[in-house]
Amino acid sequence: MLEIPCPWCGPRNESEFVCAGEADRKRPSDPEAETEEAWADYLFNSTNPKGVVREWWWHVSGCTRWFQIDRDTVTHEITPVEESSK
Amino acid sequence: MKRFSIFSLARNALTGHRHWEKMWRSPDPKREYDVVIIGGGGHGLGAAYFLAKEHGITNVAVLEKGWLGGGNTGRNTMTVRSNFLREDSVPFHEMSLDLYHQLSRDLNYNLMVSQRGMITFIQSSAANRVALQMANTMHIYGAEYRMLTLDEVKQKIPIFDPSPDMRLPVRGGVYQPRASMVRHDAVAWGFARAADARGVDIIQNCEVTGIQQENGAVTGVETTRGLIKARKIGMAVAGHGSVVASMVGQRLPITTQPLQAWVSEPVKPVLNEIVVIRSYYGTYLMQSDKGEIVVGQGCDPYPSYAQRGTFPIIEDATTSMLEVFPSFGRLKLLRHWAGMLDIPYDGSPIISKTNTRGFYIDVAGSGGFKTTPAAAKTFAHLIAKDTPHPLAEKLGLERFSSGRLIQEGGVSANR
Ligand SMILES: Cc1cc2nc3c(=O)[nH]c(=O)nc-3n(C[C@H](O)[C@H](O)[C@H](O)COP(=O)(O)OP(=O)(O)OC[C@H]3O[C@@H](n4cnc5c(N)ncnc54)[C@H](O)[C@@H]3O)c2cc1C
Ligand SMILES: [Zn+2]
């Protein structure tokens with residue numbers, strides 16, 4: 001069971017949140033100009049690291065806001081990401 | 001390999017079971033192989049077996065970082081079935097069921113296939129629609145999948161005792177008679193023994209830490225037991241796909257998520273069928289041959305390599321189980337565990353070439369025990385011939401760039 005630090009609500013139970021995936025994903029500015037492989041990479045692939053990953057979380061059953069955390073996928077240690085609360 | 005038979009059993013019983021031969025050798029790795037398979041689960045060992053048996057490629061090593069079947073093969077809840085939604089899925093899973101029903105004989109190893117059948121409770125009109133669609137698709141491929149009325153469900157499962165104020169009342173069920181339970185360790189051991197007998201080297205405690213390549217083609221693997229050269233490399237590492245594929249810079253459309261299961265103390269036989277509550281993505285349970293009630297649900301809802309699960313899943317599954325089997329509230333829990341699954345974006349297995357020549361991948365996906373023989377057979381075909389097996393043509397990575405996904409995610413819970 002994780003305790004997720006929402007920048008607005010403080011630490012809350014994981015069941016109030018949705019993990020919305022890796023934060024380093026960047027939508028190509030001109031999708032039409034991309035190859036199919038590059039576009040598929042953006043849509044479907046993930047880094048899926050064994051270790052620290054920066055993620056989006058959505059406090060869907062709370063304040064409904066989005067923010068980022070750094071989470072270790074092995075130890076489950078969580079570090080808040082300051083910028084994301086601005 | 002000495003064959004197992006009633007006579008070998010009698011002979012060894014008379015000598016106190018002290019003279020059984022080892023089921024496979026434990027050789028030191030050679031310097032070079034034609035094919036190296038990374039991962040000693042059912043998929044990897046099975047691929048090695050089919051490479052040797054069907055393609056005559058016997059200069060093969062299976063490298064396993066731990067012990068055989070110590071990954072998901074030995075952790076799953078043993079259910080094999082073929083109820084799927086898409087036309088590309090059903091024949092593949094049917095082939096797997098066919099193979100399961102004949103492998104005990106081929107491998108000379110008892111996989112203890114127990115054809116219990118599976119009943120999925122229908123608790124919403126959406127589930128009813130999905131069940132009918134699946135039944136139609138499956139009938140095209142000759143797979144039996146039929147609707148049951150509530151009375152038929154009650155007849156088949158006498159212990160079923162839904163509470164009158166259930167939030168989602170059970171309206172009926174849908175039944176696959178051929179769904180079975182298979183002894184999972186035996187799948188790893190049976191494939192290992194038969195592959196070893198055909199000359200495959202099975203090397204445990206040997207972790208692959210890097211992959212060497214030259215001019216875009218693989219040349220070997222770096223391991224904790226030294227460098228091993230290989231012309232071709234097949235990856236079948238279940239919960240470590242992204243980690244191993246990243247050794248050649250290959251990104252994959254998967255996330256690694258834990259899946260949990262737990263079992264009760266053993267009790268007298270009360271439940272014959274495998275039962276799925278709250279439709280396709282709900283809770284499932286069955287009674288093992290030993291008498292334990294085995295329970296599982298969907299994956300944990302975020303990526304993790306921690307090999308342990310989160311509590312809300314257990315709580316939720318227990319609630320839904322007790323709604324229909326209140327008597328199970330008296331059972332004591334004996335064991336609980338989790339394994340890590342590589343969940344593909346569309347929920348279907350990936351059996352594919354990659355951007356690196358000679359590097360092939362088999363991502364078992366969410367319910368990869370049921371696919372083990374079919375995946376192993378088609379993966380061996382791909383590695384040997386460099387072209388996909390007809391039944392796995394649609395399972396390659398190209399489906400993600402062409403947009404021809406095989407969406408099974410919403411309905412194929414892991415069991
Ligand atoms: C709790 C649970 C219940 C499940 N229930 C079912 C079910 O009822 N029905 C069903 O169809 N499926 C089920 N599954 C899924 C199924 O178990 C897996 O999809 C399947 O076993 C995968 O087989 P595999 O051989 O690919 O992987 P594994 O058996 O996990 O084998 C992969 C092996 O690769 C090794 N490895 C990893 N990295 C390296 C490396 N770098 N070097 C060397 N070796 C490495 C690992 O140690 C591991 O032994 C369940 C899974 C879990 C966890
Ligand atoms: Zn909040």
- Query: Looking at the stretch B:318-379, what % of the alpha carbon pairs are farther apart than 19 Å?
  - Reply: 55 percent
- Note on the structure: Per residue convex hull volume, Cα only, the stretch B:200-259, in Å³ is 105 Å³
- Message: Between B:Arg171 and A:Met1, what's the calculated FRET efficiency when r is the beta-carbon distance and R0 is 30 Å? Round to 0.05.
- Response: 0.35
- Query: How large is log10 I(q)/I(0) at q = 0.18, 0.22 Å⁻¹ when the Debye formula is applied to the Cα atoms of chain A, each weighted equally and without solvent?
  - Reply: -0.80, -1.03
- Helix B:90-107 versus the longest principal axis of chain B: what is the Cα-based angle in degrees, 0 to 90, to the nearest 10? 70 degrees
- Taking only DSSP H segments of four or more residues, each worth -39500 (n - 2.57), what value at 222 nm results for chain B once the sum is divided by all its residues, to the nearest 500 deg cm²/dmol? -8500 deg cm²/dmol
- Stretchable slack from A:Glu37 to A:Cys9, in nm (0.36 nm times residue separation minus alpha-carbon distance): 6.1 nm
- Dimensionless Rg ratio for the stretch B:103-188, taking C-alpha atoms and the 2.2 N^0.38 Å reference: 1.35
- Inter-label distance, nm, simple model (7 Å from Cα along the C-beta direction), B:Gln133/B:Leu334: 4.0 nm
- Message: Using the Karplus curve 6.51 cos²θ - 1.76 cosθ + 1.60 with θ = phi - 60°, what ³J(HN,Hα) values do you get for each residue of the stretch B:238-247, in whole Hz, with x for Gly and Pro?
- Response: 6, x, 10, x, 5, 5, 6, 5, 5, 5
- Task: From largest accessible area down, sort B:Trp262, B:Trp20; use a 1.4 Å probe on the protein chains.
- Result: B:Trp20, B:Trp262
- the stretch A:42-58: which residues show an accessible-area loss of 50 Å² or more, assembly versus chain alone, 1.4 Å probe? A:Phe44, A:Asn45, A:Ser46, A:Asn48, A:Lys50
- Task: Taking the Cα centre of chain B as origin, work out the dipole magnitude from +1 charges on Lys and Arg Cβ and -1 charges on Asp and Glu Cβ, in debye rounded to 20.
- Result: 800 debye
- Query: Which percent, to the nearest 5, of DSSP beta bridges fully inside chain B are antiparallel?
  - Reply: 70 percent
- Give the interface area between chains A and B as buried accessible surface, both sides summed, probe 1.4 Å, in Å² to the nearest 100. 2000 Å²
- Note on the structure: Taking chain B, the whole-percent share of alpha-carbon pairs separated by over 34 angstrom is 30 percent
- Message: So, taking all protein chains as they sit and a 1.4 Å probe, how much accessible area belongs to B:Phe121, in Å² rounded to tens?
- Response: 0 Å²
- Are there cysteines in the protein assembly as shown with no second cysteine's Cβ under 4.7 Å away, and if so, which? A:Cys19, A:Cys63, B:Cys206, B:Cys299
- Mind checking the dipole of chain A: about its Cα centre, +1 per Lys or Arg Cβ, -1 per Asp or Glu Cβ, Debye to the nearest 20? 380 debye
- Query: Which of B:Gly70, B:Pro301, B:Gly291 sits farthest toward the positive end of the charge dipole of the protein assembly as shown, with +1 on the Cβ of Lys and Arg and -1 on the Cβ of Asp and Glu?
  - Reply: B:Gly291
- Task: Figure the gain on full extension for B:Ser8 and B:Asp98 (residue separation times 0.36 nm, minus the Cα-Cα span) and round it to one decimal in nm.
- Result: 29.6 nm
- Efficiency by 1/(1 + (r/R0)^6): what FRET value for B:Asn215 and B:Asp386, r their Cβ-Cβ distance, R0 = 25 Å, to the nearest 0.05? 0.90
- Taking only DSSP H segments of four or more residues, each worth -39500 (n - 2.57), what value at 222 nm results for chain A once the sum is divided by all its residues, to the nearest 500 deg cm²/dmol? -3000 deg cm²/dmol
- Item | Extent along principal axes [Cα atoms of the protein assembly as shown; Å; largest to smallest] | 60, 59, 44
- Message: One quarter of the convex hull surface, Cα atoms only: what value does that give for the stretch B:259-415 in nm²?
- Response: 10.8 nm²
- Item | the stretch B:333-415 - Debye-derived log10 I(q)/I(0), Cα point model, q = 0.10, 0.23 Å⁻¹ | -0.27, -1.16
- Once label points are set 7 Å from the Cα along Cα→Cβ at both B:Lys290 and B:Asn355, what is their separation, rounded to one decimal in nm? 4.6 nm
- Note on the structure: The alpha-carbon center of the stretch B:80-141 and that of the stretch B:200-278 are separated, in whole Å, by 24 Å
- Item | Rg(Cα) / (2.2 N^0.38 Å) computed for the stretch B:154-239, rounded to two decimals | 2.00
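The values are calculated or read from the model by the stated rules, or taken from the named source; none is laboratory data. Please read these numbers as outputs of a predicted model, since none were measured by experiment. Methodologically, a virtual Cβ is constructed for each residue, glycine included, from the backbone with ideal geometry; neighbour enumeration extends over all protein chains shown. Calculation scope for accessible area: heavy atoms of the full protein, side chains included, ligands and nucleic acids excluded. Shrake-Rupley method; radii C 1.70, N 1.55, O 1.52, S 1.80 Å.
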